[in-house]
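**Q** Here you go, one structure.
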Amino acid sequence: MNELLKKLTEASGVSSAEKEVRILIRDLIAEHVDEWHVDAMGNLIALKSGTGAVDLRVMIDAHMDEVGLMVTNVDSSGLLRFDTVGGIDDRTLLGKVVQVGPQKITGVIGARPIHLLKANQRTSVVKCESMRIDIGAKNKTSAMGKVNIGDLANFITEYEELGPTAIGKAFDNRAGCAALIEILRGEPYPFDIIAAFTVQEEVGLRGAQVAAYGIKPDAAFVLESTPAYDLPTDQDISPNVVLGKGPAVYVMDRVTIQDPRLVSHIMRTAEKNEIPFQIRQPGGGSTNTAVIQAVHGGVPAATIAVPGRHAHTPNMMINLEDYTNFVKLTEATLHSVTPQLINRSI
Amino acid sequence: MKIFKLLKTLSETPGPSGFERRIADQISQIWEPFVDKITTDRVGSVFAVKSGSGTEPRPQLLLAAHMDEIGLMVTEVVNRDAYGFLRVTNVGGVDIRHLYSQPVVVHGRRDIHGVLASLPARMLPSERRNGPFGFEDLVVDPGLPMEILQELVDIGDFISFRQPLRKLMGKNVTGKALDNRASVAAVIICLEELQDRNHEWDIVAAATAQEETRLLGAYTGAFLQEPDAAVAIDVTFAKGAGLSEQGHPELNSGPGLDIGPNVHPGMYKALKSAAEAIEMDVSVGTHTRGSGTDAFGIQVARSGVPTGLVSIPLRYMHTMVETVNTKDVERTGRLLAEFITRLDSAFLTDIVKEMMEEED
């Protein structure tokens, strides 16, 4: 059992309420880094000094936050109104169990029973605004003793390994956090590594922007989980990656052209070290690279990602070998980064 | 017996209609210390007899609570990039709106965990983009290579939902299959209560099979046991999210007593008197055609059985977050016990006599 993935995915950390994850990660890395601090937005920034052989500052980003829900009001009946935080399809919500607020109050999202529905209601998607979280409170007063308007709620999913794969919530992006923690716990690199466990990626890449500004790196790598749509279908699905074929390298997404020099360095490193990898087909989506590459006078940045099925649902799935190769490829890539690689000479 | 622990055991044991063996074994084990004899029938229902103190031949009361739950069944094992996936269909009245991203157990050669998944709606054929994910789109993703999966799973294997029973505020609990394991628990509480109380009638407790698909266990069980009277115990729609109309009980408002075509007026009256005797609050439920419960089948067994119907208020029926109040479950058990201790040798003739009495 991968205890690191278990701990990280089971922790609560909906965008803007990342505290539990931030403290968990701090405890997991404190002994392995030279210093750490928390910035104005809640990003956890840690320095792992290098051997001094190479003069570079390399930022590695992994966002800590996950998609979830926010309590927007409490009905007189004690049921909670809510809205989604980050991209959650309304179809994902019915019949799910959540934890609400700092007291982690258990709640469920129920609906009118199927027996009492009209035919057209059975085949209609229930909108988030007409759903409620039920914490079992008998009225508004009893609910307000346990939860507050503005409380964030996350799905509850126990991490579980199913042979070659693992199921859990928030592999997007606790898998990236886990990989970054492993890197911080490993041998020093020839240059300083500045790890940024960032906040609010799911609501618009907010944390990484200020983290990158504060760090002012020479180059940056973003560790992510990228959606795998490898389900049986006759449809042409793109962009796509597949579980079991190794970590995915981003080239271009909706917003960003990843730094081509870093992209080819990652691929060459994978080939040289015989680490399986796949190129994520160019297309939609975006990662923290989008904001990191645009701070100061520009930062060369690229994204490596572990493929994850069923992203933004309570039950994501990754392949554990992909995860291992994700860590390996990131480590090997970092060990061979040189100033020449990113030197922009005419 | 601790009510949460009892409900947790009953709720979490798999038992989709037609695959009741495990829940049947579990219920038999729990019943054992409280009853004189346990038997099963050909469709998988379980019966426990607790003999009464009256003179033989003693009348017999059937307490029927179905033990099966809604579930799924494998229709196809499909391959994608060397991974195996399962296409499925429903067993009983499954609400497809709740299926996406639900954890399940596939009862193959061994139990296999998986999750119900679909491509995002925007990637589906255009005519299927706007509704809930249906069985055309959903697959069970067990995270296993095809070559392993096809050795473990066959078409026709049963699938049950996987959700631990959890506590909510105020003695409310939430989980799967509380329809109708909450009623099974109430029958157990009744049997436990009867250990210290005198009852003249013989009691046959039944955990019936395949209620969710066609009330099968009710028909076969009532035929085999030939009861003189019966009470079906099931759940009823409680007010909650999506259901606020008058006429539905609140959670924690006590058991519901049903009136309608499936219920004998004498049985309703006797249950109501029992509740009054112990000053227990009850709500009154109505049905106008079929009650959709075992009472519908039992009532017409052989030459007819006077049947009553007691229901436990439950939110979000046929989902993985069915919610009941444990006090309602305990109250239902106590009410049944009180009703049973009041049954005497004249009961059957009295309720027949009342059928011909002029109303005041």
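FYI, it's all coordinate maths here, none of it is from the lab. Computed from a predicted model, the values in this text were never measured in an experiment. Methodologically, a virtual Cβ is constructed for each residue, glycine included, from the backbone with ideal geometry; neighbour enumeration extends over all protein chains shown.
**Q** In whole angstrom, note down how far apart the Cα centers of region A:158-178 and region B:297-354 are.
**A** Answer, in whole Å: 46.
**Q** List B:Glu20, B:Glu245, A:Glu321, B:Glu338 from most exposed to least, where exposure is judged by having the fewest other Cβ atoms within 10 Å. Numbers along the way, then the final one.
**A** Values: B:Glu20 29, B:Glu245 9, A:Glu321 15, B:Glu338 20.
Exposure proxy ranking, most exposed first: B:Glu245, A:Glu321, B:Glu338, B:Glu20.
**Q** Still on this model: Of all the Cα-Cα pairs you can form in region A:31-164, what percent are over 27 Å apart? Walk me through the intermediate numbers first.
**A** Details: 3818 of 8911 pairs.
Of all Cα-Cα pairs in region A:31-164, 43 percent lie more than 27 Å apart.
**Q** Using the reciprocal of the averaged 1/r over all distinct C-alpha pairs, how large is the Kirkwood radius of region B:71-161 in Å?
**A** Result for region B:71-161, one decimal place: 13.2 Å.
**Q** In the protein assembly as shown, if the dipole is taken from +1 on Lys/Arg beta carbons and -1 on Asp/Glu beta carbons about the Cα centre, which of A:Val242, A:Met64, A:Cys128 is farthest to the positive end?
**A** A:Met64
**Q** So if I take the centroid of the Cα atoms in region B:65-91 and the same for region A:60-74, what is the distance between those two points in Å?
**A** Here the answer is 32 Å between Cα centres.
**Q** Follow-up question, since we're still on this one. Would you list A:Met252, B:Met169, A:Met131, B:Met67 from fewest to most Cβ contacts within 10 Å? Intermediate values should be presented prior to the final figure.
**A** Working: A:Met252 15, B:Met169 19, A:Met131 22, B:Met67 28.
The order, fewest Cβ neighbours first, is A:Met252, B:Met169, A:Met131, B:Met67.
**Q** Could you put A:Thr303, A:Thr226, B:Thr75 in order, starting from the residue whose Cβ has the fewest other Cβ atoms within 10 Å?
**A** Least to most surrounded, the residues fall as B:Thr75, A:Thr226, A:Thr303.
**Q** Per residue, how big is the convex hull of chain A when only Cα atoms are used? Give it in Å³. Numbers along the way, then the final one.
**A** Values: hull volume 51.5 nm³, N = 346.
Each residue corresponds to 149 Å³ of Cα convex hull volume.
**Q** Calculate the length of the line joining the C-alpha centroid of region B:228-288 to that of region A:1-46, in whole Å.
**A** Centre-to-centre (Cα) distance: 52 Å.
**Q** So which of A:Lys96/B:Lys167; A:Lys272/A:Lys328; A:Lys96/A:Lys127; A:Lys127/B:Lys171; B:Lys269/B:Lys327; A:Lys19/A:Lys328 end up more than 19 Å apart by C-alpha?
**A** A:Lys127/B:Lys171; B:Lys269/B:Lys327; A:Lys19/A:Lys328
**Q** Percent of Cα-Cα pairs per 5 Å bin, from 0 to the last occupied bin, for region B:87-234, please list those.
**A** Spelled out bin by bin, region B:87-234 gives 2, 7, 13, 14, 14, 14, 12, 9, 7, 4, 3, 1, 0, 0 percent.
**Q** Return the tail of the calculated pair distribution for the protein assembly as shown, meaning the percent of Cα-Cα pairs more than 43 Å apart. Show your work: numbers first, answer last.
**A** On the way: 85102 of 248865 pairs.
It works out to 34 percent of all Cα pairs.
**Q** What residue among A:Pro113, A:Ser142, A:Gly95 has its Cα farthest toward the positive end of the dipole of region A:69-155, where the charges are +1 on Lys, Arg and -1 on Asp, Glu, each on the Cβ?
**A** A:Pro113
**Q** In percent, what relative contact order does chain B have, based on Cα pairs under 8 Å that are 6 or more apart in sequence?
**A** So the answer I get is 22 percent.
**Q** Looking only at chain A, where both bridge partners belong to it, what percent of the DSSP beta bridges are antiparallel (to the nearest 5)?
**A** 65 percent
**Q** Same structure, new question: Please list, or write none, the aspartates and glutamates whose alpha carbon is within less than 13 Å of the alpha carbon of A:Lys104, excluding same-chain residues fewer than 8 places away.
**A** Answer for A:Lys104, where 13 Å is the Cα cut-off: A:Glu10, A:Glu20, A:Asp151, listed by chain and number.
**Q** How large is log10 of I(q)/I(0) for region A:59-135 at q = 0.11, 0.12, 0.16, 0.27 Å⁻¹ when the intensity is taken from the Debye formula with one equal scatterer per alpha-carbon?
**A** Relative scattering, expressed as log10 I(q)/I(0), comes to -0.34, -0.40, -0.65, -1.41.
**Q** A further question follows. Towards the positive end of the charge dipole of chain A, with charges on Cβ (+1 Lys, Arg; -1 Asp, Glu), say which of A:Val337, A:Gly298, A:Phe171 has the farthest Cα.
**A** A:Phe171
**Q** Near B:Lys239, which aspartates and glutamates are there with a Cα under 16 Å away, not counting those fewer than 8 places off in the same chain?
**A** Hits, sequence-local ones excluded: A:Asp75, A:Asp134, B:Asp179, B:Glu250, B:Glu322, B:Asp328.
**Q** Then there's this: Averaging sequence separations of C-alpha pairs under 8 Å and six or more residues apart, then dividing by the length of chain A, give the relative contact order as a whole percent.
**A** Averaging sequence separation for qualifying contacts and normalising by length gives 22 percent for chain A.
**Q** Placing unit charges on C-beta atoms (Lys and Arg positive, Asp and Glu negative, everything else neutral), compute the dipole magnitude of the protein assembly as shown about its Cα centre in debye, rounded to 20.
**A** 1200 debye
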